[in-house]
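To keep things clear, I will list the structure first and then write my remarks on it.
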Amino acid sequence: MRMTLLTRMMALALATLAASLAPADDAVLFEARFGAGLEAGLARGSGVPSASAYAEVNAGAGRYGQGLDLTGRGAFVAWPAVGNIDLDQGTLRLWFRPAAWSASKNFFARLFATVYDVEKRGTTETRQGALMLCKTEKSRLLEYHNFESWKNYKFATDISSWQNDQWVHIVITWEKGGQRRLFLDGELAGEDAYFRGSDQPVELIFGSPYYGHDCHGMLDEIRILNRAWTAAEVRADWSTGPAPEPVPAALAAGDYAPLPLPEVTFDRQLYTGDTILSAHFVAELVVVDGVPDEPFWAELPQVPPFLTREGEVPKAASQVRIAYDQKNIYFGCDFEEPETDKMRVDLDQHDQPIYNNDCLELVIDTADSPESTFHLVANLNGGIYDARNGDKRFLNARNAVAKGKRHDGRWTLEFAIPFADLGCHPPVPGEVWGIRVCRERCPVREVSSYPACLVWPLGARSYLAKLEFRGSVGTEGGLQVTLAADDFRPGVNRAVLTIANPGADAVAALVTAAAVTTAGQRAPAWRETVELAPGKTTTVAAVIPADAETIQIALQATVGGEIVWRAGIKPGFQAPPVAPAELLRSLRLVDGDLLAWEAANPAVAEALRRNVERLRGVLQGFQERQDAALAAGSVLERADCDGVAAEINGFKQWLDVRRLLIWEVSPWENGSAGDLPQADRPAELHFRQGGNEWEFRALAIAGVLPGGGMDWRLAVADLYGEDGRRVNRANLVVYQAPFVRNNARQLVTDPLIENDADAFTVLPGQSRRFWLALHSRDMTPGRYTTTITVKPLDHQAVPRELWPVIPVTVEILPFALPATHEWPMDTFIWHGGMTPCQSEIPTLEFLHRHHINWVSTDRHRYDVGKPANGTLRHRAPVGSSTAPGTAYFDPANITANDDFLRLAVARRMNVLFAWNICRNSEWVKLMSEHMISLGFTYDQFIFSGMGDEFRASALPKYLPFHEQAHAVAPQVRWMCTVITTPPPEGCTEEQLDEVMRYIKTPILFNSHLWPREHERAQQKTAWLKRHPELHPWIYRCSMSAQTCPLLSYYRLGPLNARLCGVRGLAYWAMSSITGKRVERNGKMVTVTPDGFFDQADPEAQLFDGLTYWHPRKNIIPTKRLMALVEGLEDVAMIHLLEQKTPGHDLIKDENLMELHETESQTALDAWREQMLNALIQ
């Protein structure tokens, strides 16, 4: 056996791994329960699949929780064998559920096998000692293979009693020098001598990649041990059933813990004012007329004297008083101004820079947060500027009113700001805001404020004082009320009010008390009418019920319907971040999330439910104690209230970090909507690549407890180099990879959807896949960093500090892949003739960005023409005549697609005219001359000739035309697709020699040249050597492109072409959509299906290709197309290394051949990393 560089490297790695994995007695070597995807939860070797295709992990489809779905054609998953199995002795246990096992249908089904050659994963292994478990083709027998010789390798047991969708417990055991046994549902079903071979397997495979060997069922609870179970142990395992699946580490980080709320402290860095300002309630109507001369203004305390930035007394004094009512907060201002004639008052429109005028400037913080901080400015003209958190876009105080008036030596201003415009409820006495009151004087450029603002800007959230809202100021002849109550707690509270009537008339006052919640003020819970004669005083005991949702108790007295007094009582306990009753209501949404988890993963559901039920018990117990206190006329203890607040706070923080789970996955795996991360580690993305290279990463995002469903978006920031260089975020493309059914009805994450907002919805227990494609074009070498922030669309739904931020690092190496027009391998993808593309320009641009240097153009655009909608083509006009055997064309169509052709010249893209060509030599002459006139060379465009996949019978039809075309346009380059089946259908080599007089780019099927050692491949290679003037391309023409394997068919396609010694590679097809003839409005028409993901559309005949068709963008890319792009970059790197270091081990033919044959993503990734290192050394 040859030992190439790659073989030696892998053998050494496997030997080292095996030596380190000497298992302990009775150890579980391998266990896959599929609770978090395909990766095994326990593995002495590697738990990461070495290969898989169409294997789905489906939520709720397993024996317990999630299960492995191998019902699709070609579905399999393989794990490395080293460390995960001991062939001296052992046990394999699994649960299996047949699917569509029809008694009348003959089929072979493979459940399990050991693999010794990855090239033969789908075959029946005949190596000595090989194990396999399968159903026979023409009977209902389950066979246990252990190959020794063709005469002695299997025994079978009848399984005709098996029913579809019923689980079967299967165990096989083996012992060197002893027996091998098969157990079904705990009972021995057969046994025979075990033969231990000398070779070691490289993989353990479940299912099969080969059609006809499919598993046709579901698997779950796969376990491999290092000893053979006894019959009693097998029976015990079957009767016990599977244990609950372990909770993935990312969800097993612990239960919530009570978290006491921090005491409110006085932040001396933010609140620098020593005096607490007061805003008093006014009962009378406030008229904003620019002059604060109503009597109540004189009774209000002034804001302390303003100071300049230097802490000095300003040259002109300022008097500002603050009042409020049920709708607005008011500022009454009287400003000294010795130079009123020099005041700057030239702005009056909303949100103009009013702060550049003489003005009052306010900074108000209503809820102790940057998001609740407002900057408001008003001038003498009544012009208003407003902003929230420093941004004028986020506040629109359109209902605010400012009016001013100029006087001799001073000016006055009244400014009314509605609470609704600030997004808050009317405050009650005792409530506290933050505030800074500022004034700007333009005549002398003087800025002053209270508190003093020592640094710019004036609108910043800094240097604040506290503003406390207080009760009413006295009114002429009104009541005087004194409140004796410190605070309140949940239950029945009591307050004493002393009410005096100092006036000359009797007064009848209605006194009320009402609870205030975050939703606003409730109806009064206590009321009493007090009648007082002149000069009399009385005492009233208010009995006020309150609950944990109450944040204030508002008291007021009204006389004749007018409010004459107002006051408030503060809570005497720590208010929780969410009111208990509100949280109980929101837990109903969480209950819905738990139901979804119950179906998807019961173990996760149980772990989450434990916390939810614990909190529900706390809340219900508190509610019962609160109800009892209300009934008994008492209040709860503060410690009880604070303890519940701590429980709520701890649960809220536990819940907030369990909205989402985010983890990195392989961009090439299909995954499953039920996937969960195995490890609890934050997602970080690292890119390492050369210039002009695409590199791909992928993320999975799952909803945990989103409250039914939640909308998010991925926000990519610009990239910045270590030297400050900025790269536009457009270089990092975000694709969503939804789960769709392909044309084999397999659930895959294949289409890559660009969403302009990168928005998505998460649901509990389901994951979404995202592709991140970094294109390093125009990026200079160096290191870059950026972030991807997962933002809720409702940005207030989750605290900003809890938005997940994914760090991204990028290393661009000091070499670059060639420009597309210089790519070392020609690549071409046919378009589907029925695909309704109105414009071919988007396709050209897409291919150019992805290294594909040939673009297909529909030749009908240039002869008979196509309708404006791009569908199908026009027919030749009735009565049009041409010479016999000569096709019709309209000369006007020669220039019909010039916008596309001119862009191809600008992008230096090559153009292939397909399908076939207008068989008219005059058209060939005119079209080729037009191409040259546009700037193409004869090497930059090709006409398709000889018909599609021609046979010998086509030669009399096409050769005369090519002779005519060659006579009028001898320099035109032609291609054709060659079928070389033996005569009489196929062509002889002599006939092909005749064709090649005109055709210089033959497209050969891959099977013509591969495998290279086959006789046909050697004959065809020898024929090509006799024609060095040809430019042959390999053709991969699967009519089911969606089901071809990513590695062998797409990623390794360019390497395969290089190993075949050809210059180019062609694929069928970009996208192909064929509809049926259907009736529309009484007419029979050919319908064009929507071309997206409904592969079972009854009006469609064919959906196929490397992309999906989109009516506006033309292209929805796929993972298979991106795998081809990766393969093209492999070939480009080989080309660069050949130039840099000829004969380098990494690019020797035998090592590239081994890399090709291995078909391992892990091996390709390792080789790619070594190539990068070799290119920069």
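A short reminder: the numbers here are calculations on the coordinates, not readings from a lab. Being a predicted model, the structure only gives us computed values, none of them experimental. Here the Cβ positions follow ideal geometry from the backbone for every residue, glycine too, while neighbour counts run over all protein chains shown.
Computed on segment 580-656, the Cα convex hull volume stands at 81 Å³ per residue. Cα centroid separation, segment 559-588 to segment 408-470: 27 Å. When +1 charges are put on Lys and Arg Cβ atoms and -1 charges on Asp and Glu Cβ atoms, the dipole computed for segment 580-656 relative to its Cα centre reaches about 40 debye.
Taking Lys and Arg as +1 and Asp and Glu as -1, the other residues whose beta-carbon sits under 11 Å from that of Arg398 total -3. For the chain, the relative contact order works out to 8 percent when only alpha carbon pairs closer than 8 Å and six or more residues apart are counted.
Using a cut-off of 12 Å between alpha-carbon atoms, which aspartates and glutamates can reach Lys1148, once sequence neighbours fewer than 8 places away in the same chain are excluded? Of all the aspartates and glutamates, those that pass the test against Lys1148 - Cα under 12 Å, at least 8 places apart if same chain - are Glu1138.
Taking each DSSP H run with n ≥ 4 as -39500 (n - 2.57) and averaging over every residue of the chain yields -6000 deg cm²/dmol at 222 nm. Find how many whole Å separate the alpha carbon centroid of segment 614-637 from the alpha carbon centroid of segment 291-310. The distance from the Cα centre of segment 291-310 to that of segment 614-637 comes to 47 Å.
With Cα Rg over 2.2 N^0.38 Å defined as stated, name the option among (i) 1.24; (ii) 1.95; (iii) 1.10 computed from the structure displayed. Working out Cα Rg over 2.2 N^0.38 Å from the coordinates points to (i). Close amide H contacts of Trp526 (hydrogens built in the peptide plane, cut-off under 5 Å, sequence separation of 5 or more or a different chain): Ala513.
Cross-link partners of Lys403 among lysines, defined as those whose alpha carbon lies under 20 angstrom from its own and excluding same-chain residues fewer than eight positions apart: Lys327, Lys342.
Classification of segment 277-471 by its C-alpha gyration tensor yields a rounded form. The axis ratio a/c (a ≥ b ≥ c) stays under 1.5.
Computed from phi, the 3J(HN,Hα) profile of segment 1001-1013 under the Karplus parametrisation 6.51, -1.76, 1.60 (θ = phi - 60°) reads 10, x, 9, 10, 4, 4, 5, 6, 10, 9, x, 4, 7 Hz, with x in place of Gly and Pro.
Could you tell me whether segment 741-813 comes out rounded, prolate or oblate from its Cα gyration tensor? Rule is a ≥ b ≥ c as square roots of the eigenvalues, rounded for a/c under 1.5, then prolate if a/b exceeds b/c, otherwise oblate. The shape class here is oblate. Taking Lys and Arg as +1 and Asp and Glu as -1, the other residues whose beta-carbon sits under 11 Å from that of Ala1100 total -4. Between amide H atoms placed 1.01 Å from N, distances below 5 Å from Gly832 occur with Met1070, Ser1071, all of them 5 or more places distant or on a separate chain. Residues whose amide H falls under 5 Å from that of Ala816, counting only those 5 or more places apart or on a different chain, are Gly691, with hydrogens built in the peptide plane. Mind jotting down the distance between the C-alpha centroids of segment 31-50 and segment 201-244, whole Å? For segment 201-244 versus segment 31-50, the Cα centre distance is 13 Å. Exceedance of the 29 Å cut-off in Cα-Cα distance is limited, within the set Lys925/Lys1083; Lys1020/Lys1113; Lys120/Lys1025; Lys866/Lys1119; Lys1119/Lys1140; Lys135/Lys176, to Lys925/Lys1083; Lys1020/Lys1113; Lys120/Lys1025; Lys866/Lys1119; Lys1119/Lys1140. Phi angles of segment 214-227 translate, via the Karplus equation with coefficients 6.51, -1.76, 1.60 and θ = phi - 60°, into HN-Hα couplings of 5, 6, 6, x, 10, 10, 7, 6, 7, 9, 10, 10, 9, 8 Hz per residue; Gly and Pro are given as x.
What the phi angles of segment 382-398 give under the Karplus curve with 6.51, -1.76 and 1.60, with θ = phi - 60°, is a coupling list of x, x, 10, 10, 9, 7, 10, 6, x, 10, 5, 5, 9, 9, 9, 7, 5 Hz, glycine and proline written as x.
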